[in-house]
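Remarks on the structure that follows.
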There are 2 protein chains.
Amino acid sequence: MTRPAQLLDRRARRRRETIEEILEVAVEVMTEDGVAALSLAEVARRMGLRPPSLYQYFPSKAAIYNALFAQGARRVAAAAVEAEAAELDGADPLARLRTFQDGFCRWCIENPVLTQLLFWRTVPGFEPSPESFAPAVAHLEELRSRLRAAVAAGQLAPQAASEEAVALFTCLVSGVVAQQFANEPDASYEQGRFTRLVPTVFDMFIARYAPKEHTS
Amino acid sequence: MTRPAQLLDRRARRRRETIEEILEVAVEVMTEDGVAALSLAEVARRMGLRPPSLYQYFPSKAAIYNALFAQGARRVAAAAVEAEAAELDGADPLARLRTFQDGFCRWCIENPVLTQLLFWRTVPGFEPSPESFAPAVAHLEELRSRLRAAVAAGQLAPQAASEEAVALFTCLVSGVVAQQFANEPDASYEQGRFTRLVPTVFDMFIARYAPKEHTS
DNA sequence: GTCTATACGTAGATAGAC
DNA sequence: GTCTATCTACGTATAGAC
């Protein structure tokens, strides 16, 4: 009665692949038609399936949005950490924070659909589940810890680790990304008129929280 | 054959009122169901009409979105100018710019639906017509002229009137508004954790473009 | 696991009577 | 100017055969 483990693995893997493909195609559809215009029928069509078949993998349309939210939250957090680690392992906290933030912004620009789902909340009835939301909270905590590290290193004033400073930091990033999407949605991260301001807003942040000079 | 002018006026006025009511109810529906979920049938229902009747006033759903875009663009520009004029007539350019900007932000927070339509572009197929877009362009020009005035008065460095500075200014505002909507959509302008940062980001802007000190 | 068939609901838009 | 009636289209979701 029990099947070979290998076969079960194959089936499980195939199922996972199908789930991944559904999410990928869903992003394609949203890219073309708008985040709020996701249609399961269209996803099925592009996969060569009938709409009912999708319900073997997701119980509802909302579940697909939710899975995409969770996936996006994990990916954007990972992108920031990877950017930071890539070229600056061992660098000072402020330089690390800068690349962390740059990685975050770059991911957002390169993933407009997921960014909109994550940070704009424009889909009529959709609310992410607490589990899907968790990675987003974790990312914010990573940002906080990096601000604290810069303070501890004497590169920023103590207030830079306050909740107000965290909020301000997110506003600066959010603003650049929002303006880039609204005004030049197709520009690359490097060429965007607004994304080019990422280093600028970072400089403004560190200028505001410059540590007091001790002319010892 | 010709009717009394008074009667024609009455009809014309009534028609205008109906058009206004359609737009008002549309905003109500979008507030409750999401900007992208506007339904003409729902609007008609709330007005005590049948859906086909709306087509006497607007030729399509897109036309309603377009009218709302134009209305929003006019109103937000007016809100900024009125805020500026209200308490600071005759004040220095930088103080005027600050209240101008504050009026803009306040209007955005108090009109989330129109703000989303104007600045986020999240409605699947919708593009505003050039005529609807014109007031938005005009507002940006008003911002530019105020930056130039502050430069001319020696309150900001010349670069504060550059296109980069204008872009930066819009990013700062956009970021605060975006974060407020995403995280505390129901907070008032005064109480919002993010809108409270409007003066802060303004200060950061003027700090960046502080004129060179001449110790004459 | 995928299908056919279908229930069920909604939408935008038009034709033509009143 | 508003209505009834209708067209056309699309969507989500479920039941049950294969």
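The values are calculated or read from the model by the stated rules, or taken from the named source; none is laboratory data. Nothing here was measured: the structure is a model prediction, and the numbers come from that model. With ideal geometry, Cβ positions are generated from the backbone for all residues, glycine too; neighbour counts draw on all protein chains shown.
Numbers at a glance
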| quantity | calculated |
| --- | --- |
| Flag if B:VAL43 is in contact with a Cys (Cβ under 8 Å, 6 or more places away or on another chain) and closer than 26 Å to A:ARG121 by Cβ | no |
| Matching residues in region A:41-68 - criterion: being within 14 Å of chain B (Cβ to nearest Cβ) and either near DNA strand D (Cβ under 8 Å from one of its atoms) or surrounded by fewer than 18 Cβ atoms within 10 Å (Cβ to Cβ) (or both) | A:GLU42, A:LYS61, A:ALA62 |
| Flag for B:GLY192 being without any contact (Cβ under 8 Å) to a residue 40 or more places away in the chain and within 14 Å of another protein chain (Cβ to nearest Cβ) | no |
| Qualifying residue in region A:72-92 (condition: assigned to a helix (DSSP H, G or I), over 22 Å from the mean Cα position of the chain (by Cα) and modelled with pLDDT of 95 or more) | no |
| Every residue from region A:17-30 that is under 17 Å from A:TYR55 (Cβ atoms) and within 12 Å of DNA strand C (Cβ to nearest atom) | A:THR18, A:ILE19, A:GLU21, A:ILE22 |
| Yes/no for A:ILE19 being under 22 Å from the mean Cα position of the chain (by Cα), β-branched (Val, Ile, Thr), at pLDDT 95 or above and surrounded by fewer than 19 Cβ atoms within 10 Å (Cβ to Cβ) | yes |
| Residue pairs meeting the criteria (Cβ under 8 Å; at least 6 apart or on separate chains; first over 10 Å from A:ILE22 (Cβ atoms), in region A:55-71; second near DNA strand D (Cβ under 8 Å from one of its atoms) and outside any loop (DSSP other than H, G, I, E, B)) | A:LYS61/A:LEU40 |
| Filter pass, B:VAL35 being within 14 Å of DNA strand C (Cβ to nearest atom), surrounded by 14 or more Cβ atoms within 10 Å (Cβ to Cβ), away from chain A (no Cβ under 14 Å) and under 27 Å from B:ASP186 (Cβ atoms) | no |
| Some residue of region B:159-181 being away from every other protein chain (no Cβ under 14 Å) and out of contact with any Pro (no Cβ under 8 Å at 6 or more places or on another chain) | yes |
| Per-region count, region B:195-209, residues touching an Asp or Glu at 6+ places or on another chain (Cβ under 9 Å), closer than 22 Å to B:GLU163 by Cβ and facing another protein chain (nearest Cβ under 8 Å) | 1 |
| Residue check, B:LEU68 within 27 Å of B:CYS105 (Cα to Cα) and modelled with pLDDT of 95 or more | yes |
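Let's see how each residue does on (1) touching a residue at least 12 places away in the same chain (Cβ under 8 Å); (2) within 16 Å of DNA strand D (Cβ to nearest atom); (3) in contact with a strand residue (DSSP E or B) (Cβ under 9 Å, 6 or more places away or on another chain):
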| position | (1), (2), (3) |
| --- | --- |
| A:GLU24 | no, no, no |
| A:ASP33 | no, yes, no |
| A:ALA77 | yes, no, no |
| A:LEU88 | no, no, no |
